[in-house]
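Everything on this sheet refers to the single structure shown next.
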There are 2 protein chains.
Amino acid sequence: MSLYEKHKATLDAAIKALGERTYYTPYPENPKAYAEDADAKAKAWISATMNNDFKSLSQINEAGWHGEEVSPFLQVGIGVKYPIFSVDNLIANSKHAQKNWAVTSPETRAGILIEALEKVSKRFFDIAYATMHTTGQAFMMSFQASGPHANDRALEAVAMGYSELTRFVKETEWVKSFGKFDLKMHKDFKPMPKGISLVIGCSTFPVWNTVPGIFADMITGNACIVKPHPKAILPIAIVVEEIQNTLKENGFDAHICQLAVDASSAPITKLLAEHKDVKIIDFTGSSEFGNYIETLPKTTFTEKAGVNSMILDSVSDLKAVLGNIAFSASLYSGQMCTAPQNIFVSKEGVKTPEGVVSFDDVVNGLSAAITGLVDNPKAGPGTLGAIQAEATYKRVNDAKNLGGNVVLDTKTIKNEEFADARIATPVVISLDKTQSSIYNTEAFGPIVFVIKTDSIEDSISQAKALAESKGALTCGAYTTDEAIKTQIADEMNSAFVPVSFNFTGAGFINSHAAFSDFHMTGGNPAGNASYTNPEFVTKRFVWVGNRYM
Amino acid sequence: MSLYEKHKATLDAAIKALGERTYYTPYPENPKAYAEDADAKAKAWISATMNNDFKSLSQINEAGWHGEEVSPFLQVGIGVKYPIFSVDNLIANSKHAQKNWAVTSPETRAGILIEALEKVSKRFFDIAYATMHTTGQAFMMSFQASGPHANDRALEAVAMGYSELTRFVKETEWVKSFGKFDLKMHKDFKPMPKGISLVIGCSTFPVWNTVPGIFADMITGNACIVKPHPKAILPIAIVVEEIQNTLKENGFDAHICQLAVDASSAPITKLLAEHKDVKIIDFTGSSEFGNYIETLPKTTFTEKAGVNSMILDSVSDLKAVLGNIAFSASLYSGQMCTAPQNIFVSKEGVKTPEGVVSFDDVVNGLSAAITGLVDNPKAGPGTLGAIQAEATYKRVNDAKNLGGNVVLDTKTIKNEEFADARIATPVVISLDKTQSSIYNTEAFGPIVFVIKTDSIEDSISQAKALAESKGALTCGAYTTDEAIKTQIADEMNSAFVPVSFNFTGAGFINSHAAFSDFHMTGGNPAGNASYTNPEFVTKRFVWVGNRYM
C-alpha cells in the first residue's frame, strides 16, 4: 500500500473539513490521548539533548556548530548546538533536490507529507519540552500549539495544496468543430513549482507558524529551506528531522527540506532571502523585517505585528466576560499574535442586565479578574508561562512609564517547578482616547490598555482605524444589541479583521482552529498571508499547459 | 425568474469546462450564426457613431469631451468624443457604488454579469467595426477577438470567480468536544472585495485584454474603473455601456463599472493607479509601464511584452509547417502578444522525410510562404489587417537596418476595401546566434528573425534563456523526436512558458482558447497574470470569518 493510499482517508477528511469549516483533527490535543510513557520518555530525551550537539538531521558537510537558545524557565542556555551550513551549500542542495520532487505526483507528495506528520506526532512530547525551553510557553500550550495544532495547520496546507494541484484535468483531448472539419489537440496541464522556498521562523511560535509554509511549499513541489529564529530552533529541528527521515525512507532526497541555523552574530536570513534562486518566502516576525521581505521581487507570505482590539458595549454576564478577557490577555503572557491589547469602552460604561457599569468599574473589574487568575497557584503559572525575550520583560516592566493610569502593575509570581522562570503578569493601563500615541502601536507582551471613548460608535471607529493603519489579527466584541453587532462586523470586516462575538467560557479570541478559522486574512498590515486560503498554496506554483497536434 | 436562474445552465457549463479544459462557448465565433441584418445594422451604426459624441454611457457630470482615435484602415480620425471625468469624480462614484455591490450575492452578481455578456453579444458587429477602426484588425479578427472570444474570457472569469466565492460554506455551527462539555460557535465566512479596481486597456486588443479584469473584478464584488488606451476606446465603450445598462435595469448603480477616458496629452492613468482607494489594477501594455504598475503596493495583474520563440528540429511536412508559421507571423501583422518573433534553427538544418533541409533553404521557404500568403488577394489583406500605430509602421520599415541578412523586406499590399490602409507585410531577417543584441528584445510588429544555432540543444537553450530574461507568452516547436519533445517541454515549462507542438492546418500558436488554454502563465517576465487561473480571481477579495457565541 502506498503512503497515499495509507493516508487517503485523512486527506479526504481534511479536504472535506476545509470546505465545510467544521471541527476536525487526526491529532488529539489532550496529552492523555498519547502513550502513557510518552511524557517520561520525553523528559529523558530533553535531558539527554541539552548540552549536546543535535546530530539527527540528514544534512552533511556542515561548516561548524552553533547554538544560543536560552530557556525562559531556567534562564540558562540549553546548550544544544546545531550544524551550520553555508548559503551556497544550502542552495545547491535545494536545487538538486527540487528536480525530482518537482515531478513527483501530488498523490505521492501528500502521502509522504502526511506520513511525516504521523512521525512528528510521535514526537509531540519531545517537541513540547523543546518548545517550553525556547519560547517560555507553559507545558500545555507547548504541547498543543507546537504539537497537534501545528500538525493540523500543516495538514490543512497539504489538503488545500492537493485540492488545488488536482482541480484541473491532467490532460484532455480538445476538439473544436469548424463544421467541415474538427481541429483536435492533445493538451496537458502541469502545476510547476516556482523554485526554492525559504521559511523564516519566529521565537514565540517556532513550529505553529513555520509548518504551514513548509508543508504548503512541499505539497506544491518546492524544495524548502527552514531558517529558524536563533533563539527557538530545537522544536522545529525535530520536525525537520522527521520530515527528512520520511523522505529518506521513501527514496527521496532529504534535502528537499533543510534546516538552516544561523547565529545572531552572523545572520544569513537576508542572504537567503535575496538569493536569486529563492522564489518563495514565508516569514513570521517583526513588521520592520516583514515589510522588507514584502518588497523583495518574490512570492511572499508574511505574518507581522498587529494591534488587536476588543470592543465592550453590552453584556449579559460581566464577570464571565472580564474573566474571559483576563485569560486571553494572560495566556502565554500576551505573547500571542492574537492577544488582545486595546480594550475600547465608552465613557458611558458597559450595559449589563443589572444596569450600566462605569468605565472605571470595568477597568477595576478586569484588573481584579487578572489578579484572581495569576494569583491562583493552580492556574497562574500554567497560563502565563514565561517571558521569551529579555526585551519583552523590560517593556512590560517599563510600561508604567508609558503614560495613562496604571491600574494594575506587572509583578512576578512563583512557579513551583521553575524557580528561576522569567515571569511578568499583565499590566493594565487606562487611557483616554486622546492618548493614542500610547496605544496606537504594538506593545508586545502582557500589556493591556483600556481606552475610554466617546461612544460605541467611537470605539468601533478607533478599532477600525487602528486595524487599517497597523493591522490586526483578531477583534473581540461584546454586545447584546443585534444592530451594533452588525455594525461592528461590517466595519471591522471591511478592514479585513475577523470578529469574535461574546466569547466566554472555553472560547478565547486567541485561538484559531485549523480547517475552520482562517488565521489572518492577509488583507491588513498585520500580514499578507492567510492560513489557509487558496492563495496560500496557489501562489507557490504556476499552471503551464502544452498542446500537441 | 432571476438572472441567476436564467443563466445558471451557462454558468454551470462554464465551470465544468474550466475544470475539464474542454472546448466550450455560448457565443458562436462564426458571424453567420448571428442575425442576418446584424452586419448591415452595424455598418449603419458605425457611420452614425463616427464624428459624433458617444452619449450612451450612464455617467453624468463630465468635465469635458475628448477623442483622438485614428482608423488604421482610413488613416483619418474617427471623430468620436467621449465624456471625460475627473479622478475625484470617478473615485467618489466607485466608492459609493461599491458599497451595495460588495454585499450583493455571488449568484446575483453572476446573473447580472452573464446577462451583460448576452447584451454585449447583441453588439458583436458594432464592436467588430469599432475594433477595426481603432486597432487595425481585419473584420474577422475584430469580430472574433473582440466579440465571442472576449466574451468567452469574461465568462471564464465569472465562472472561476463564482467557484471561488462559493467554495466554502457561508456559515457553520462549529462544535468541539472537551469530553465534559462541548464548545459551540456559530461562524460565518465572507469573501470581502478589496476595493476599487482599475483596468488599464491597450491599443491592439482593447476588449479581449480588458474584459477578463472587468469581469473578475465585478464577480468578486469590486467596483471597476476602465481606463482604455486613448487610441482604442470605442470597442470597450460599447461593452461598458451594456454592462451599465444591465446594472441599471436590475436596480443597481451603473457606476459599479465606469469608463475613464483620458487624452494622451493629459493622462490620468498614474493618478488613478496611485490613488489610495484603488486596490486592484489590471494592466496590458508595455513592459516599462507594467513594471511600474507591479511596484505599486496594490494587487496587480499585468500582461507586458515578451519575446516568443519557435524551435524547428524535425518535421513530417515542411511545407505545411512553413505555411503555418507564415500565417502566425502575418496574422494581424504580428501585432499579437502571441505572435512568433524568433525562429531558432540549427546550422545542421531541419530533418524531413525527404532528407535534411538546410538553414538557408528553411529561411527561403518561410519567406516564400509569407510572400505567397500576403500576395494572395483573397488571404493577404484579411490576414494582415492594418498597422495600429505609426511607431510600429516605422519600426517595421526600419528593420532592414537592424543588422543580419534581410531575406524578405516589408512592403505594402493593396486592400480593395480600404485604399488608405496602413499596411506592412512581414520582414524576415536571418541572424547568427551571436547577433543576440538584435533578437533579444521585443520587435513589436511583423518582424521575424530566423536564428542559426549550433544544435537543437542550443536552440532550446537560447529560447529558454530569452523566456527567463524577457518573458514569453508562447512557444512553438516542431519535432518528430519524442525525446526532444520531452526536452523542449521540460526546459520551456521550467521557464513557465507553454509549448505548442507541431501545429499545422487550423492550429496556430497565436490562439489561446478560453476554458482550456491558460493565456500567460504569470510565471515569467511577460506578465504576472494568467487568464484564468484561480489567483486571477482570489487575489481580488479577502476571506473574513466571524465567530459568535
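Can you give the extra length, in nm with one decimal, that the chain gains between A:Asn376 and A:Thr295 once fully stretched, where that is 0.36 nm per residue apart less the Cα-Cα distance?
My answer for the length gained is 24.5 nm.
Across identical copies of the chain, A:Ser47 has label-point separations of 10.0 nm, listed in ascending order, with the point defined 7 angstrom from Cα along Cα→Cβ. The relative contact order of chain A, computed from alpha carbon pairs under 8 Å that lie at least 6 residues apart in sequence, is 18 percent.
With the simple spin-label model, which puts each label point 7 Å out from Cα in the Cβ direction, the B:Ser86 to B:Glu416 separation comes to 5.4 nm.
Of the trypsin sites (Lys or Arg not before Pro) found in the stretch A:160-205, those that fall in a DSSP loop while having at most 10 other beta-carbon atoms within 10 Å are A:Lys180.
So which trypsin sites (Lys or Arg not before Pro) in the stretch A:373-403 end up in coil per DSSP with only 15 or fewer other C-beta atoms within 10 Å? Within the stretch A:373-403, the qualifying trypsin sites (Lys or Arg not before Pro) (loop, at most 15 other Cβ atoms within 10 Å) are A:Lys378.
Convex hull of alpha carbon positions in the stretch A:472-514: directionally averaged projected area 3.3 nm².
Gain on full extension, evaluated as 0.36 nm per residue between B:Ala44 and B:Lys394 minus their Cα-Cα distance, stands at 122.7 nm. The mean sequence distance of close C-alpha pairs (under 8 Å, at least 6 residues apart), as a share of the length of the stretch A:157-263, puts its relative contact order at 24 percent. Summing charges over all other residues whose Cβ lies under 12 Å from the Cβ of B:Asp375, with Lys and Arg as +1 and Asp and Glu as -1, gives +3. Excluding the sites themselves, what is the longest stretch of chain B that contains no chymotrypsin sites (Phe, Trp or Tyr not before Pro) in a DSSP loop with at most 13 other C-beta atoms within 10 Å? Answer from the scan: B:182-549. Between identical copies, the spacing of A:Lys378 label points, each set 7 Å from Cα toward the C-beta atom, reads 9.6 nm from nearest to farthest. The local environment of B:Cys337, defined by Cβ-Cβ distances under 15 Å, has a net charge of -1 under the rule Lys, Arg +1 and Asp, Glu -1.
What the pair-distance distribution of the stretch B:466-549 shows, using all Cα-Cα distances binned every 10 Å from zero, is 16, 38, 27, 9, 6, 3, 1 percent. To the nearest Å, what is the center-to-center distance of the stretch A:492-529 and the stretch A:375-412, using C-alpha atoms only? The two parts, judged by their Cα centres, are 25 Å apart.
In plain terms, the bigger the Kirkwood radius, the slower the diffusion; for the stretch A:9-304, with that radius from Cα pairs, at 4 °C and 1.567 mPa s, Stokes-Einstein puts D at 65 µm²/s. For A:Lys81, the residues whose amide H sits under 5 Å from its own are A:Asn52, A:Asp53, A:Phe54, ignoring neighbours fewer than 5 places away on the same chain, with H placed 1.01 Å from N. Among the GluC sites (Glu not before Pro) found in the stretch B:382-444, those both in a DSSP coil and sparsely packed, with 15 or fewer other Cβ atoms within 10 Å of their Cβ, are B:Glu416, B:Glu417.
With θ taken as phi - 60° and the Karplus curve 6.51 cos²θ - 1.76 cosθ + 1.60 applied, the whole-hertz 3J(HN,Hα) list for the stretch B:297-303 is x, 9, 7, 10, 10, 10, 10 Hz, x standing for glycine and proline.
A simple rule links phi to the HN-Hα coupling: the Karplus curve 6.51 cos²θ - 1.76 cosθ + 1.60 with θ = phi - 60°, which for the stretch A:355-362 gives x, 7, 9, 5, 3, 4, 5, 5 Hz, with x for Gly and Pro. Here is the tail figure for the stretch B:359-483: Cα pairs spaced more than 26 Å apart come to 27 percent of all pairs.
Each residue, B:Asp12 and B:Thr434, gets one label point 7 Å from its Cα in the Cβ direction; the gap between the two is 6.6 nm.
Here the dipole of chain B is about 1460 debye; that uses its Cα centre as origin and unit charges on the Cβ of Lys and Arg (positive) and Asp and Glu (negative).
Under a 5 Å amide H cut-off, with hydrogens placed 1.01 Å from N, B:Val199 pairs with B:Ile225, B:Val226, B:Lys227, B:Asp282 among residues at least 5 apart or on other chains. Taking the label point 7 Å along Cα→Cβ, B:Ser455 and its counterparts in the other copies are spaced 8.0 nm apart, in ascending order.
Suppose a student asked you for the relative contact order of the stretch A:1-159, using Cα pairs under 8 Å spaced at least 6 residues apart; what percent would you report?
Averaging sequence separation for qualifying contacts and normalising by length gives 33 percent for the stretch A:1-159.
When the listed pairs A:Lys231/A:Lys319; B:Lys298/B:Lys470; B:Lys194/B:Lys470 are checked against a 28 Å cut-off, the alpha-carbon distance exceeds it for A:Lys231/A:Lys319; B:Lys194/B:Lys470. Volume per residue for chain A equals 166 cubic angstrom (convex hull of Cα atoms).
With Cα atoms defining each centre, the stretch B:260-324 and the stretch B:89-121 are spaced 25 Å apart in the structure. Holding the Cα-Cα limit at 21 Å, pick out from A:Lys279/A:Lys539; A:Lys347/B:Lys99; B:Lys400/B:Lys433 the pairs that are longer than that. Listed pairs above 21 Å: A:Lys347/B:Lys99.
Using a simple spin-label model with pseudo-atoms 7 Å out from Cα toward Cβ, B:Glu468 and B:Glu482 lie 2.9 nm apart.
Each 10 Å bin from 0 upward holds the following percent of the Cα-Cα pairs of the stretch A:298-431: 11, 40, 32, 13, 3, 0.
Legend: Rg and Dmax of the protein assembly as shown, from Cα coordinates, 31.4, 99 Å.
Applying the Karplus relation 6.51 cos²θ - 1.76 cosθ + 1.60 with θ = phi - 60° to the stretch B:131-141 yields 3J(HN,Hα) values of 5, 3, 8, 10, 9, x, 5, 5, 3, 4, 5 Hz, where x marks Gly and Pro.
Work through the residues other than A:Leu466 whose Cβ is under 14 Å from its Cβ and net out their charges, Lys, Arg +1 and Asp, Glu -1.
Working: positive: A:Lys433, A:Lys464, A:Lys470; negative: A:Glu442, A:Asp458, A:Glu468, A:Glu491.
Combined, the nearby Lys, Arg, Asp and Glu give -1.
FYI, it's all coordinate maths here, none of it is from the lab. Keep in mind that this is a model prediction, so the values were computed, not measured. Note that we place each Cβ from the backbone using ideal geometry, even for glycine, and neighbour counts take in every protein chain shown.
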